[in-house]
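Heads up, the thing below is written out as structure tokens.
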Amino acid sequence: MSYETRISLGSLSLSRLVLGAWRLLSDLERSDADSVARLVHGAIDIGITSFDHADIYGNYGVEEAFGAGLQRWGGSRDTIELITKCDIMLISGARPENRIKHYDTSSAHIRASVERSLKNLHTDYIDVLLLHRPDPLMDADDTARGLEDVVKAGKVRAVGVSNFLPHQFDLLASRLPFPLVTNQIEFSVKYVSPLTDGSLDHAQRLRYAPMIWSPLGGGSLFTGEGVQEVRLRAALRDIASQLDNTDISAIAIAWLLRHPASLIPVLGSLKIDRLKTMATALDIELSRQQWFAILKASTGEDVD
Amino acid sequence: MSYETRISLGSLSLSRLVLGAWRLLSDLERSDADSVARLVHGAIDIGITSFDHADIYGNYGVEEAFGAGLQRWGGSRDTIELITKCDIMLISGARPENRIKHYDTSSAHIRASVERSLKNLHTDYIDVLLLHRPDPLMDADDTARGLEDVVKAGKVRAVGVSNFLPHQFDLLASRLPFPLVTNQIEFSVKYVSPLTDGSLDHAQRLRYAPMIWSPLGGGSLFTGEGVQEVRLRAALRDIASQLDNTDISAIAIAWLLRHPASLIPVLGSLKIDRLKTMATALDIELSRQQWFAILKASTGEDVD
Amino acid sequence: MSYETRISLGSLSLSRLVLGAWRLLSDLERSDADSVARLVHGAIDIGITSFDHADIYGNYGVEEAFGAGLQRWGGSRDTIELITKCDIMLISGARPENRIKHYDTSSAHIRASVERSLKNLHTDYIDVLLLHRPDPLMDADDTARGLEDVVKAGKVRAVGVSNFLPHQFDLLASRLPFPLVTNQIEFSVKYVSPLTDGSLDHAQRLRYAPMIWSPLGGGSLFTGEGVQEVRLRAALRDIASQLDNTDISAIAIAWLLRHPASLIPVLGSLKIDRLKTMATALDIELSRQQWFAILKASTGEDVD
């Protein structure tokens, strides 16, 4: 295996590939407790023990459905890791007090959101709590107080952020007595801005491992007819054929794993077969030239 | 009152709302010494004790006109605070040696400009001296020497900058034995870039209070027919009606006060009635949802 | 003389003006060993003792041609300074293993590239080794190890980068036990972005001297008919006439020398007469207003 199946995040560890639960309620036939229990079993079987949530997923419904599945599953809590997020406030029947989409990084909201997530997930602790989006009204002292509170209370083991720019990360970090362990950002062969906008350099400098959402750039990688998508499929297929590996999604994930900042892809599929295929990426170490060939297919041009 | 009427800036304090004198000479009927004395009296009566200047305002004339008014006013110097700026070099009959608009952050110019400002304002010290614009030719060692000199001589109590980006601020700060106490930047419901460009995060991280110029975004907020202006007026009126406060300028100022970085709006009006109306903002604490509703009216879209 | 002819770069020094050898093989009549030896002699005579290379110049051929000239020259190694670069991997008959243009900042490549450069240049040490381009796959720990290795082995005296943004510089610097001594970037009267993008502020803050490539912005400054080129020539000629100096290239170089970040222009000409003319820039100290007049000719507008 080219890459370790576990990765450290501060004092805890996650599986190198994480299962993202955000679409759990999109397919109602698979979101009952039995199906979720099978999903958890199946994921663990292929080494995926970390599950990524947010309070808002499925219109504030995914955590609870997943929690029911966890109860049915009945395994030991310390064999899995649960990640969830807070701060986005959606207009939703589940939150009638929200009259406009907004953010809330206040300590009061952080504490309340953690309580709800613990209840929904039927657990005593969250492994990693993330602030979901940078909040232009973040009062860093107050936000840090909320994050400290939930950590000190043992309700959250580690804290991170999502979609933060380096300067937003630095502001919050300046107020915390412990490090932020991750920044969950978008990055894929289709969306390569983090290579140059400072996000990945910041992570590598501070030695935290970024989690990656939309690590395939969405399904259009497989079916889209845009020039970038066509170029990328050709490049990925070319490399897949060199590697005796016929699935281009594994190559696209391996492209992320090759980056030195220790990226943790959050896989959006809920099908064990698809997850198993993508997990073969852990065995694929792309050469530099293969990596740059994919970058060129993404941008349409050679590096400078 | 929702907000304190005073705000700390290093070891001194300003009134939370500052009167900007830049238009003093635009209305010659109000710029005689008697009128200015009345203006100073009236401002102090409503809690505005800090006055923002620059050497160049009114084609290098505002400081002197204001100084004449201060003499007529005759109050105690330590009941008010004077802010002024230097480094912009205008083409002007008052500066025949300037053949092109440029900047000068040399220590020699800083010292000379402070001497002129002291004389113009009929005072022994300036409370806060700001570098007016980032100068691409700033030699940070020499600039810092000039700033130190005027502080050590007791001619300036504190030093800040204006229109600086974070990296420009950091360069100058790296050479100074005391902190820069502010960065005076443009920010308003009409111009929200500082929320994302790092300026306000930088201020919050380093705990300095930014001063805000053009805090209403100019008069077009009230009369403009652009889509943004129309949206903003509707949103501000809606909130004004919720708050039994009929003046939307107070809401627009309250929107700034709500930000956690401790912003200090510099009000451009020279009419006591208008200032009194805007000062009611100190009693208005917008809710998060009201604040985001105004942001949405500014950008035209929900947050992500 | 307005400017010193030597400039410190960490513990070593370079001539303030550097000769860039990248075009050495463009003119085959001048690239034989005798011609190169004459060039080195001539450059030293006018105070230019530092020579800028890269492994890739002249399709991986310039270093070797220059090295032959150095042997013919026969002067003492410690009277000159050699700068070279690595990490760009070109498609080239000289590198058949390269199938796509890419970068390589691995320690293994750094060590191998230094060995080749030493051999090509017939020398025991390189004065300054630069990473040629920021590499999105840079593993800063491994890259730093490679750079440390070649320094500890005495094969390289000092290390820098080229074309790095501040955050890329900071990442690598965070892993090194010695400072990066320079960042070689593009800057000229035609290309002024470094004044505002943070590059020069970063250099001044950390007190390293940037090297400048394309310091004239290419030959089009003299012949181009674009609006910017026409404006710039007029402004440069105007100032040249004020200074009894008829060559505008010297004014364009003097514009760089006037910047407080201690810039080191890399001159691209291989003609001693042209170099001598440009070197007169060391005697030209532009006034602030002259400097801003050239900036205005570059951007087309006054400063704010």
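The values are calculated or read from the model by the stated rules, or taken from the named source; none is laboratory data. Predicted, not measured: the structure shown is a model, and the values here were computed from it. Methodologically, a virtual Cβ is constructed for each residue, glycine included, from the backbone with ideal geometry; neighbour enumeration extends over all protein chains shown.
Quick look at the numbers
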quantity: Unmet requirement for A:GLU285, which otherwise passes all of (1) touching a helix residue (DSSP H, G or I) at 6+ places or on another chain (Cβ under 9 Å); (2) among the acidic types (Asp, Glu); (3) over 24 Å from C:LYS101 (Cα atoms); calculated: (3)
quantity: Elements of type helices (runs of 4 or more DSSP H) contained in region A:206-304, each with 1 or more residues being more than 27 Å from A:ARG23 (Cα to Cα) and within 14 Å of chain C (Cβ to nearest Cβ); calculated: A:227-242, A:288-299
quantity: Test: residue in region C:113-130 that is more than 19 Å from C:ASP52 (Cβ to Cβ) and touching a strand residue (DSSP E or B) at 6+ places or on another chain (Cβ under 8 Å); calculated: no
quantity: Only one of C:ASP34, C:ASP45, C:ASP87, C:ASP55 that is acidic (Asp, Glu) and in contact with a Cys (Cβ under 7 Å, 6 or more places away or on another chain); calculated: C:ASP55
quantity: Positions within region C:182-216 being closer than 19 Å to B:ALA140 by Cβ and small (Gly, Ala, Ser), in sequence order; calculated: C:GLY198, C:SER199, C:ALA203, C:ALA209
quantity: Breaking point among (1) more than 14 Å from chain A (Cβ to nearest Cβ); (2) touching a residue at least 40 places away in the same chain (Cβ under 8 Å); (3) touching a Leu at 6+ places or on another chain (Cβ under 7 Å), for B:LEU180; calculated: (2)
quantity: Qualifying positions in region B:257-291 - among the polar types (S, T, N, Q), more than 17 Å from the chain's Cα centre (by Cα) and either surrounded by fewer than 22 Cβ atoms within 10 Å (Cβ to Cβ) or within 18 Å of A:ASP142 (Cα to Cα) (or both); calculated: B:THR277, B:THR280, B:SER287, B:GLN289
quantity: Residue match in region A:85-92 (condition: in a helix (DSSP H, G or I) and within 20 Å of the chain's Cα centre (by Cα)); calculated: no
quantity: Residue list for region B:118-146, restricted to those being farther than 14 Å from B:THR182 by Cα and of a type in the set (A, V, I, L, M); calculated: B:LEU118, B:LEU121, B:ILE126, B:LEU137, B:MET138, B:ALA140, B:ALA144
quantity: Residue pairs meeting the criteria (Cβ under 6 Å; at least 6 apart or on separate chains; first part of a loop (DSSP other than H, G, I, E, B), in region A:136-162; second modelled with pLDDT of 95 or more); calculated: A:PRO136/B:LEU195; A:MET138/A:THR105; A:ASP139/B:PRO260; A:LYS155/A:VAL114; A:LYS155/A:TYR125
quantity: Tally of residues being crowded, with 16+ Cβ neighbours inside 10 Å, of a type outside the set (Ser, Thr, Tyr) and closer than 30 Å to B:LEU165 by Cβ across region C:202-256; calculated: 27
quantity: Members of region B:121-135 that are without any contact (Cβ under 8 Å) to a residue 60 or more places away in the chain and either over 22 Å from B:SER11 (Cα atoms) or in a helix (DSSP H, G or I) (or both); calculated: B:HIS122, B:ARG133, B:PRO134, B:ASP135
quantity: A:SER76 being farther than 30 Å from A:LEU137 by Cα and in contact (Cβ under 8 Å) with a residue 24 or more places away in the chain; calculated: no
quantity: Checklist (1) within 13 Å of chain C (Cβ to nearest Cβ); (2) without any contact (Cβ under 8 Å) to a residue 40 or more places away in the chain; (3) under 30 Å from B:ILE48 (Cβ atoms) applied to B:ILE88, failing item; calculated: (2)
quantity: Test for A:ILE44: is it closer than 28 Å to A:ALA203 by Cβ, surrounded by fewer than 21 Cβ atoms within 10 Å (Cβ to Cβ) and among the β-branched types (Val, Ile, Thr); calculated: yes
quantity: Some residue of region B:193-203 being under 27 Å from B:ILE126 (Cα atoms) and either of a type in the set (A, V, I, L, M) or in a loop (DSSP other than H, G, I, E, B) (or both); calculated: yes
quantity: Hits in region A:145-160 (condition: crowded, with 22+ Cβ neighbours inside 10 Å and either among the small types (Gly, Ala, Ser) or within 14 Å of chain C (Cβ to nearest Cβ) (or both)); calculated: A:GLY146, A:ALA158, A:GLY160
quantity: Any pair with Cβ under 7 angstrom, 6 or more apart, that starts in region C:256-269 at a residue that is farther than 14 Å from C:VAL192 by Cα and ends at one that is among the basic types (Lys, Arg); calculated: C:ILE264/C:ARG16; C:GLY268/C:ARG23
quantity: Single match in C:SER35, C:SER15, C:SER26 (criterion: within 29 Å of C:PRO260 (Cα to Cα) and small (Gly, Ala, Ser)); calculated: C:SER15
quantity: Set C:ASN163, C:ASN98: member being on the phi > 0 side of the Ramachandran plot, surrounded by fewer than 24 Cβ atoms within 10 Å (Cβ to Cβ), within 11 Å of chain A (Cβ to nearest Cβ) and touching a strand residue (DSSP E or B) at 6+ places or on another chain (Cβ under 9 Å); calculated: C:ASN163
